[in-house]
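Asks: Quick one: the structure is below, questions incoming.
The values are calculated or read from the model by the stated rules, or taken from the named source; none is laboratory data. In this text, all values refer to a predicted model and were calculated from it rather than measured experimentally. Glycine gets a Cβ as well: all are built from the backbone with ideal geometry, and neighbour counts include every protein chain shown.
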Amino acid sequence: MIVDVHTHLPSHQDTVPPEDMVTETAMRSGETVQLTNSIADYLRDMEAVDKAFIFGIAPRPWLPEKSVLLAGGWPEGKNHNDVASETAKHAPDKITPFMSLHPLDPNVNDEYDRCVGDLGCKGIKLGPNYQDFDPTGPEAFALFARLEADQIPIVFHQGTSPMTEAPLTYAHPLTSDKIAMAFPNLTMVLAHLAHPWQADCLSVVRKHPNVWADVSAQFYRPYSFWQGMRLFHEWGATEKILFASDWPVTRPQDNIDHLRALPKFAKDHHLPTIPEEEIEGIINRDAVAIMGVD
């Protein structure tokens, strides 16, 4: 079973009007990414996988109108958690909604209850750098304690970002080591192999049984991709990597194809390879069971 543990919201409920089309070039180091898309676009791209987890990123409470990714083509009054739930309803056997909260939001507990009780959210996505909160601070730890008690897994953004106002310190995998030590029964996924800190990422996931990494946002930097995967292989940690795409930045099928092309990349560049069976293990790893998502 192929499970994409890292997909973002479609920006529009229906077909994107031409005047709403938005692209950017920072995320993929000069390559163009289309940030505007519909539910139909999302479902089409998810045909390559059996299951997918979908989420937004909660805004900073002091900047409620500023979104990390676009989601403006939805009826007014729906927040990112509503959009995740509504999108999942179009393929309930495939798509699982995750919530996103901000620990400093005074209504965080009420929104937690609404997401779990009314919207059917089974996990949470947090981007401490994008959301500008200290993941080792007391407010964050209070949220983690509740998530651990309720057995709700976290997908953390980890690694670099082109956003100048997003503190890199909050997205370094060594902060996750402190969280995992404080909450050993909390299932955590460190996104993007925490690039370019893949070595620190593997140190954390190798150390903690309930901490995993996802392989999203890697292949379009091919040497860094190979280097990170080779590090995980040499340290015996590829079995702690989950499949992910980071849609819409990349599509699941592109990630599958480039994972399977890693041995050829290594051969073409006279580099040590990554065993094909380890690559297939990543693609087919049952993240639903690992993350406890029913």
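Asks: Does ILE256 satisfy the criteria of being surrounded by fewer than 23 Cβ atoms within 10 Å (Cβ to Cβ), farther than 15 Å from PHE156 by Cβ, among the β-branched types (Val, Ile, Thr) and in contact with a Leu (Cβ under 7 Å, 6 or more places away or on another chain)? Before you say what the answer is, go through the steps one by one.
Replies: Working: surrounded by fewer than 23 Cβ atoms within 10 Å (Cβ to Cβ): yes; farther than 15 Å from PHE156 by Cβ: yes; among the β-branched types (Val, Ile, Thr): yes; in contact with a Leu (Cβ under 7 Å, 6 or more places away or on another chain): no.
So ILE256 does not fit the description; no.
Asks: Right, here's the next one. Quick check, is PHE225 surrounded by 20 or more Cβ atoms within 10 Å (Cβ to Cβ), hydrophobic (A, V, I, L, M, F, W, C), in a loop (DSSP other than H, G, I, E, B) and out of contact with any Lys or Arg (no Cβ under 8 Å at 6 or more places or on another chain)? Walk me through how you get there before you give the answer.
Replies: Numbers: surrounded by 20 or more Cβ atoms within 10 Å (Cβ to Cβ): yes; hydrophobic (A, V, I, L, M, F, W, C): yes; in a loop (DSSP other than H, G, I, E, B): no; out of contact with any Lys or Arg (no Cβ under 8 Å at 6 or more places or on another chain): yes.
In short, no.
Asks: If you take the residues in the stretch 153-192 that are part of a loop (DSSP other than H, G, I, E, B) and within 15 Å of the chain's Cα centre (by Cα), which one is surrounded by the most Cβ atoms within 10 Å (Cβ to Cβ)?
Replies: If we filter the stretch 153-192 for residues that are part of a loop (DSSP other than H, G, I, E, B), which is where we start, we get 153, 157-167, 172, 183-187.
Still in the running and within 15 Å of the chain's Cα centre (by Cα): 153, 157-161, 172, 187.
On the way: PRO153: 24, HIS157: 25, GLN158: 28, GLY159: 22, THR160: 17, SER161: 19, HIS172: 21, THR187: 23.
Step by step, filter the stretch 153-192, then rank; the result is GLN158.
Asks: Taking the conditions exactly as written (more than 19 Å from the chain's Cα centre (by Cα) and not polar (S, T, N, Q)), does GLY123 satisfy them or not?
Replies: Against the criterion (more than 19 Å from the chain's Cα centre (by Cα) and not polar (S, T, N, Q)), GLY123 does not qualify.
Asks: Go through the residues of the stretch 251-269 one by one and say whether even a single one is more than 22 Å from VAL293 (Cβ to Cβ) and among the aromatic types (Phe, Trp, Tyr).
Replies: Checked against the condition, which is being more than 22 Å from VAL293 (Cβ to Cβ) and among the aromatic types (Phe, Trp, Tyr), the stretch 251-269 yields at least one hit.
Asks: Here's another thing I want to ask about it. Is the stretch 129-142 home to any residue that is in contact (Cβ under 8 Å) with a residue 24 or more places away in the chain, in contact with a helix residue (DSSP H, G or I) (Cβ under 6 Å, 6 or more places away or on another chain) and among the aliphatic types (A, V, I, L, M)?
Replies: Checked against the condition, which is being in contact (Cβ under 8 Å) with a residue 24 or more places away in the chain, in contact with a helix residue (DSSP H, G or I) (Cβ under 6 Å, 6 or more places away or on another chain) and among the aliphatic types (A, V, I, L, M), the stretch 129-142 yields no hits at all.
Asks: Given the conditions (1) within 15 Å of the chain's Cα centre (by Cα); (2) within 28 Å of LEU147 (Cα to Cα); (3) of a type in the set (D, E, K, R), report the number of the one that ASP294 does not fulfil.
Replies: (1)
Asks: Considering each of ALA213, ALA217 in turn, give the residue that is more than 19 Å from LEU143 (Cα to Cα), part of a loop (DSSP other than H, G, I, E, B) and not polar (S, T, N, Q). Before you say what the answer is, go through the steps one by one.
Replies: On the way: ALA213 fails: part of a loop (DSSP other than H, G, I, E, B).
Exactly one of ALA213, ALA217 is more than 19 Å from LEU143 (Cα to Cα), part of a loop (DSSP other than H, G, I, E, B) and not polar (S, T, N, Q), namely ALA217.
Asks: Ok, one more. Evaluate the following for ALA199: is it under 26 Å from ARG146 (Cβ atoms) and either touching a Gly at 6+ places or on another chain (Cβ under 9 Å) or modelled with pLDDT of 95 or more (or both)?
Replies: Numbers: under 26 Å from ARG146 (Cβ atoms): no; either touching a Gly at 6+ places or on another chain (Cβ under 9 Å) or modelled with pLDDT of 95 or more (or both): yes.
Taking the combined requirement at face value, the residue does not satisfy it.
Asks: Does at least one position in the stretch 264-275 carry a residue that is surrounded by 17 or more Cβ atoms within 10 Å (Cβ to Cβ), touching a strand residue (DSSP E or B) at 6+ places or on another chain (Cβ under 6 Å) and modelled with pLDDT of 95 or more?
Replies: No, every residue in the stretch 264-275 fails to be surrounded by 17 or more Cβ atoms within 10 Å (Cβ to Cβ), touching a strand residue (DSSP E or B) at 6+ places or on another chain (Cβ under 6 Å) and modelled with pLDDT of 95 or more.
Asks: Scan the stretch 38-55 for residues that are in contact with a Gly (Cβ under 9 Å, 6 or more places away or on another chain) and not hydroxyl-bearing (Ser, Thr, Tyr) and jot them down. Explain how you work it out, then say what you get.
Replies: Initially, the stretch 38-55 is screened for residues in contact with a Gly (Cβ under 9 Å, 6 or more places away or on another chain), giving 38, 53, 55.
PHE53, PHE55 - these are the residues of the stretch 38-55 that are in contact with a Gly (Cβ under 9 Å, 6 or more places away or on another chain) and not hydroxyl-bearing (Ser, Thr, Tyr).
Asks: Separate question: If a residue has to be surrounded by fewer than 16 Cβ atoms within 10 Å (Cβ to Cβ) and assigned to a helix (DSSP H, G or I) to count, how many in the stretch 230-253 make the cut?
Replies: The first filter runs over the stretch 230-253 and keeps only residues surrounded by fewer than 16 Cβ atoms within 10 Å (Cβ to Cβ), leaving 234-236, 239, 253.
From what is left, the residues that are assigned to a helix (DSSP H, G or I) are 234, 239, 253.
Adding up the residues that qualify gives 3.
Asks: Continuing with this model, one more query. Scan the stretch 11-46 residue by residue and report those that are within 27 Å of PRO92 (Cβ to Cβ), in contact (Cβ under 8 Å) with a residue 40 or more places away in the chain and charged (D, E, K, R). Full working, then the answer.
Replies: The initial filter retains those residues of the stretch 11-46 that are within 27 Å of PRO92 (Cβ to Cβ), namely 11-16, 34-46.
Retained after the next criterion (residues that are in contact (Cβ under 8 Å) with a residue 40 or more places away in the chain): 11-14, 16, 34-35, 37, 39, 41-43, 45-46.
Answer for the stretch 11-46, where residues must be within 27 Å of PRO92 (Cβ to Cβ), in contact (Cβ under 8 Å) with a residue 40 or more places away in the chain and charged (D, E, K, R): ASP14, ASP41, ASP45.
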